[in-house]
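Report on the structure given below.
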Amino acid sequence: MSGQYSAPRYYEIAFDMNRRQEVNFLVHCFRRYARRKVLTVLDIACGTGPHLIRLAGRGYTMSGLDLSPENIAFLKERTAARGFDASLIVADMTRFKLRHPVDAAICMQDSQGHLLTNEALLAHLRCVARSLKKGGLYVFDRYMCSSWTDPARRWSWTRQRGNAVVRATFEALKDLNPVTQTFFEDMELEAHENGTRRVYRQRHASRMVFPQELRTLVQLAGGFEMVEWFYGFKPHLRLDEAHHPLLMVVVLRKR
């Protein structure tokens, strides 16, 4: 048993869900909202690369960054096996610098939640703005809580790939602090492969940001204009029309 999650392959198996629809939506945004042709894309907090791999398959030149050396090493193996190059680096999303600016950036799976203060989020937005060409896009998603009365959420599911069977359990909004808007997320991966059982666990802090608060932070950060926001990965699901959204998907454009 491992007390700390460190298995990118099992994570990739467990969480490889709905990515095609998400990538379809990203491509739609690139074509609909960018004021330049999107050819190069940066995947921030790229993890095991579910979006990076698929966007590369659509012809985009990809780069990616993640704080985990294990994720970057695993993703380098994935891209090499598929025969394409991607610029992959281990870096913090609040202080990175690209050799060349890109046409678009993405940050998926609520990865911005790891930024636990407004100061960190502002530093991140400014860093992304410096990495984008004028007229380029930044698209990201954020988890939202529609109720403070019973905030805890728990999901479990099982996925199989080849001989590997992975049961995942994910719990969010634990020990919620309404002042700092921070909470904990617990994840457990139970993997069965070739007669061996392994269990990996991880707990990390996350932070929620609400729509109007985010709009203000974008204005404070400078460099971006708010283009549109949604409550799902379909173009007609505009956030302004949602009643109890659990997701906020935001499209920003570099001024």
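Values computed for the structure shown
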read-out	value
Test: residue in the range 72-93 that is within 19 Å of ARG19 (Cβ to Cβ) and touching a Pro at 6+ places or on another chain (Cβ under 7 Å)	yes
Options ALA242, ALA191, ALA221: the member that is surrounded by 17 or more Cβ atoms within 10 Å (Cβ to Cβ) and free of Cβ contacts under 8 Å to residues at least 24 places away in the same chain	ALA242
Only one of ARG32, ARG9, ARG54, ARG78 that is part of a helix (DSSP H, G or I) and within 15 Å of the chain's Cα centre (by Cα)	ARG54
Tabulated pairs, the range 100-120, first in contact (Cβ under 8 Å) with a residue 12 or more places away in the chain, second surrounded by fewer than 18 Cβ atoms within 10 Å (Cβ to Cβ) and in a helix (DSSP H, G or I), C-beta under 8 angstrom, 6+ apart or interchain	PRO101/ARG130; ASN118/LEU217
Some residue of the range 24-37 being more than 27 Å from TRP229 (Cβ to Cβ), surrounded by 13 or more Cβ atoms within 10 Å (Cβ to Cβ), touching a residue at least 40 places away in the same chain (Cβ under 8 Å) and not β-branched (Val, Ile, Thr)	no
Set THR182, THR158: member being touching a Lys or Arg at 6+ places or on another chain (Cβ under 7 Å) and under 23 Å from LEU116 (Cα atoms)	THR182
Condition check for PHE170: in contact (Cβ under 8 Å) with a residue 12 or more places away in the chain and open to solvent by 30 Å² or more (accessible area, probe 1.4 Å)	yes
Among (1) open to solvent by 10 Å² or more (accessible area, probe 1.4 Å); (2) under 19 Å from GLY135 (Cβ atoms); (3) among the aliphatic types (A, V, I, L, M); (4) not in a loop (DSSP other than H, G, I, E, B) - the single one ALA73 does not satisfy	(2)
Tally, over the range 131-158, of residues that are of a type in the set (A, V, I, L, M, F, W, C), at pLDDT 95 or above and either touching a Ser or Thr at 6+ places or on another chain (Cβ under 8 Å) or closer than 30 Å to ARG253 by Cβ (or both)	4
Residue count, the range 196-218 (criterion: open to solvent by 60 Å² or more (accessible area, probe 1.4 Å) and closer than 14 Å to LEU252 by Cα)	2
The range 116-147, residues that are surrounded by 15 or more Cβ atoms within 10 Å (Cβ to Cβ), of a type in the set (D, E, K, R) and not in a strand (DSSP E or B)	ARG126
Scope the range 198-255; condition of a type in the set (Val, Ile, Thr) and outside any helix (DSSP H, G or I); matching residues	VAL199, VAL209, VAL227, VAL249, VAL250, VAL251
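The values are calculated or read from the model by the stated rules, or taken from the named source; none is laboratory data. These numbers were taken from a predicted model, which means no experiment stands behind them. As a convention, Cβ positions derive from the backbone with ideal geometry for all residues, glycine included, and neighbour counts pool all protein chains shown. Quick note on the areas: whole protein, heavy atoms, side chains included, nothing else; ligands and nucleic acids left out. Shrake-Rupley method; radii C 1.70, N 1.55, O 1.52, S 1.80 Å.
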